[in-house]
Amino acid sequence: MKSNPRVETLSSKLFAEALKLIPGGVNSPVRAFRSVERTPLFIQRGKGSRLYDVDGNSYIDYVCTWGPSILGHAHPAIRKAVSKQLKNGLSFGAPHSLEIQMAAEIIKLYPSIGKIRMCNSGTEATMSCIRLARGFTQRDLIVKFEGCYHGHVDSLLVKAGSGALTFGQPDSAGVPADLAKLTLTLPFNDADAVKEILACHRNKIAAIIIEPIPANAGLYLPKPGYLELLRKITSEHGILLIFDEVMTGFRVAPGGAQELYGIKPDLTALGKIMGGGLPAGAFGGCSEIMDCLAPSGPVYQAGTLSGNPLALAAGLANIRQLLSSHGTNAYRLLEVRGKELQKGFKAAAKKHKIPIQFQRIGSMFCAYFIDQAVSNLADAKKSDIPRFVRFFKGMLERGVYLAPSQFEAGFISTAHSEKDIETTLRAAADSLASLKG
Ligand SMILES: *Cc1c(COP(=O)(O)O)cnc(C)c1O
């Protein structure tokens, strides 16, 4: 059941075909496996903690659809909810009651949210937060952080200029330099950098957008007091604080990172888990800000498929199952599995004398090949990438599907059993042993 990239597989044949028809062969870049120097697997099906490829191999999956599959693949509760909705139709382009149910569910879990608007992806959610923040504050500048990913929004595909106080530069072709100039990019976890930028531009900044727990450059945590500082100074200067909880929402706690750290942002972007594996996103905040959206207010935002009944049925089932009496233990269970994985990983790395920094919060984790704590992008970049690539390949050969990049987080689902973790740790020990020399 081992996959050997040198052997002609059905996956590699399909990829060759896809390359002719789809740019890079994929519909989202990281799926192409380029940073791990091989071609991707084509997946036939997923069930519980496992993915099955078209060549008949099975893998313990730690990508979990990049977050949404927190109950594992094809969970019966989600399949049931989707089947039920399917009988009533796929989309109406008109109001329906699942929208109210989803809004109520989110508002109950996120005290910072008084009203919520649904959309189709995390990107749409952050993009709309930016427009709304600009419309509400009547200011143009946005502050973001290096290593934080907020989807492929023009204003947010921006990297830092040459100095902390200079304006941003496009981080993708096709983003106008004039637009990128409106985004200022700072290092994460650096309180002084934030104070400095506010000293210069405070009356022009509409919003600070942040992943409260950055999980798109591996995984690192905010330093104690950092998010509190952001909350304090944004409030003082009439700047909106936007928490991008597309990844962390319902993942690190039912109420996301804001529940964990006890901080109320002005706007929150959600996605991933709230769609249960179907395309969905949402953004919300207090009524005063949210009522600036059309048709109540002057900020335009819309979507043909927004609040799609099938996606909301899947998302509601995902969230309700997570929170059900069986599910209250879901977060405890995820923590237990996370701990097992962390403990075993560290022990194996120590035994084989491979420097590893295993960072984790609940069911999100990242193993950097480095011997120091990682607290921002600059730290993360010091990881030994060639070593990661060899490790990744070793794990894949042994039936463990990790994110195909050092700069992505791993995810555990409630479907991952103790046995899955044991199997993973055996694979990790063997893969780490083979890295020596
Ligand atoms: C995935 C992600 C997004 C983008 O969501 P899409 O649904 O891929 O558009 C935005 N922000 C964060 C933090 C994410 O992890």
Which residues among the stretch 395-437 fall inside the zone where the amide N is under 20 Å from a point 7 Å beyond the Cα of Val336, along Cα→Cβ? 411-426
Quick check: Cα centre of the stretch 372-437 to Cα centre of the stretch 75-104, how many Å? 37 Å
Taking 0.36 nm per residue of separation and subtracting the Cα-Cα distance, what length does fully extending Val54 through Lys159 add? 34.0 nm
From the Cα centre of the stretch 8-38 to that of the stretch 204-274, the distance in Å is 34 Å
Between Tyr300 and Glu418, with labels modelled 7 Å along Cα→Cβ, what's the label distance in nm to one decimal, could you check? 5.9 nm
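For Lys204, Lys20, give the ranking by accessible area with the largest first, probe 1.4 Å. Display every interim value, and only then the final one.
On the way: Lys204 115, Lys20 165 Å².
From most accessible down to least: Lys20, Lys204.
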Can you send over the solvent-accessible area of Arg202, 1.4 Å probe, protein chains only, in Å² to the nearest 10? 90 Å²
Nearest-0.05 FRET efficiency for Val26 and Glu196 at R0 = 45 Å, using Cβ-Cβ distance, is 0.70
Please report, for the Cα atoms of the chain, the Rg to one decimal and the Dmax as a whole number; what are they, in angstrom? 21.5, 64
Rounded to the nearest 500 deg cm²/dmol, what is the calculated helix-only ellipticity per residue at 222 nm for the chain, with -39500 (n - 2.57) per DSSP H run of length n ≥ 4? -11500 deg cm²/dmol
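If Lys and Arg each add +1 and Asp and Glu each add -1, what is the summed charge of the other residues whose beta carbon sits under 11 Å from the beta carbon of Val36?
+2
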If each Cα of the stretch 76-323 is one equal point scatterer, what is log10 of I(q)/I(0) from the Debye formula at q = 0.08, 0.13, 0.17 Å⁻¹? -0.29, -0.76, -1.25
Which lysines, on any chain, are close to Lys351 with Cα under 24 Å apart, when same-chain ones fewer than 8 places away are left out? Lys339, Lys343, Lys382, Lys393, Lys419, Lys436
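Accessible area, 1.4 Å probe, largest first: how do Cys286, Cys200, Cys292 sort? Write out the running numbers ahead of the final one.
Working: Cys286 50, Cys200 75, Cys292 25 Å².
So the residues, ranked largest to smallest area, are Cys200, Cys286, Cys292.
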State whether the stretch 27-162 is rounded, prolate or oblate according to the following rule on the C-alpha gyration tensor (a ≥ b ≥ c being the square roots of its eigenvalues): a/c under 1.5 gives rounded; otherwise a/b larger than b/c gives prolate, and the remaining case gives oblate. oblate
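Given a Förster distance of 60 Å, report the FRET efficiency between Lys223 and Phe92 from their Cβ-Cβ distance, rounded to the nearest 0.05. Intermediate values should be presented prior to the final figure.
Values: r = 46 Å, r/R0 = 0.77.
In this case the efficiency is close to 0.80.
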Counting only protein heavy atoms and leaving out ligands, DNA and RNA, the solvent-accessible surface of Asp266 at a 1.4 Å probe, in Å² to the nearest 10, equals 30 Å²
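Please label the shape of the stretch 221-341 as rounded, prolate or oblate, based on the square roots a ≥ b ≥ c of the eigenvalues of the alpha-carbon gyration tensor (a/c under 1.5 means rounded; beyond that, a/b larger than b/c means prolate, else oblate).
Numbers: a/c = 2.70, a/b = 1.14, b/c = 2.36.
Note, shape of the stretch 221-341 comes out oblate.
With all protein chains present, how much of the accessible area of the chain (probe radius 1.4 Å) comes from carbon and sulfur, to the nearest whole percent?
On the way: 10390 of 18740 Å².
The nonpolar share, carbon plus sulfur, comes to 55 percent.
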What is the packing order of peptides 237-244, 167-174, taking the mean over residues of other C-beta atoms within 10 Å and listing the highest first? 237-244, 167-174
For the pair Asn203/Arg45, report the inter-label distance in nm, with labels modelled 7 Å from Cα in the Cβ direction. 6.4 nm
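Rounded to the nearest 0.05, what FRET efficiency is calculated for Asn329 and Leu19 with R0 set to 30 Å and r the Cβ-Cβ distance? Intermediate results must be reported in sequence, preceding the final value.
Working: r = 45 Å, r/R0 = 1.49.
For Asn329 and Leu19, the calculated efficiency is 0.10.
How many Å² of accessible area per residue for the stretch 72-184, probe 1.4 Å? Could you put the intermediate results ahead of the total?
Details: 5500 Å² over 113 residues.
Value returned for the stretch 72-184: 49 Å² of accessible area per residue.
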Ala313: net charge of surrounding residues, Cβ under 12 Å, Lys/Arg +1, Asp/Glu -1, itself excluded? +4
Summed residue charge, Cβ within 11 Å of His352's Cβ, Lys/Arg positive, Asp/Glu negative: +3
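Please tell me the relative contact order of the stretch 76-323 in percent, rounded to the nearest whole number, where contacts are Cα pairs under 8 Å and at least six residues apart.
On the way: 498 pairs, mean separation 72.9, N = 248.
Taking the mean separation of contacting Cα pairs over the length of the stretch 76-323, I get 29 percent.
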So between Ala378 and Lys436, what do we pick up on full extension, going 0.36 nm a residue minus the alpha carbon distance? 18.3 nm
Going by alpha carbons, how many degrees (0 to 90, nearest 10) lie between the helix axis of 97-109 and the longest principal axis of the chain? 90 degrees
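The values are calculated or read from the model by the stated rules, or taken from the named source; none is laboratory data. Remember, it's a predicted structure, so these values are computed and weren't measured experimentally. Don't worry about glycine lacking a Cβ; one is built from the backbone with ideal geometry, like all the others, and counts go over all protein chains shown. Please note that ligands, DNA and RNA were not included when accessible areas were found on the heavy atoms of the full protein model with its side chains. Shrake-Rupley method; radii C 1.70, N 1.55, O 1.52, S 1.80 Å.
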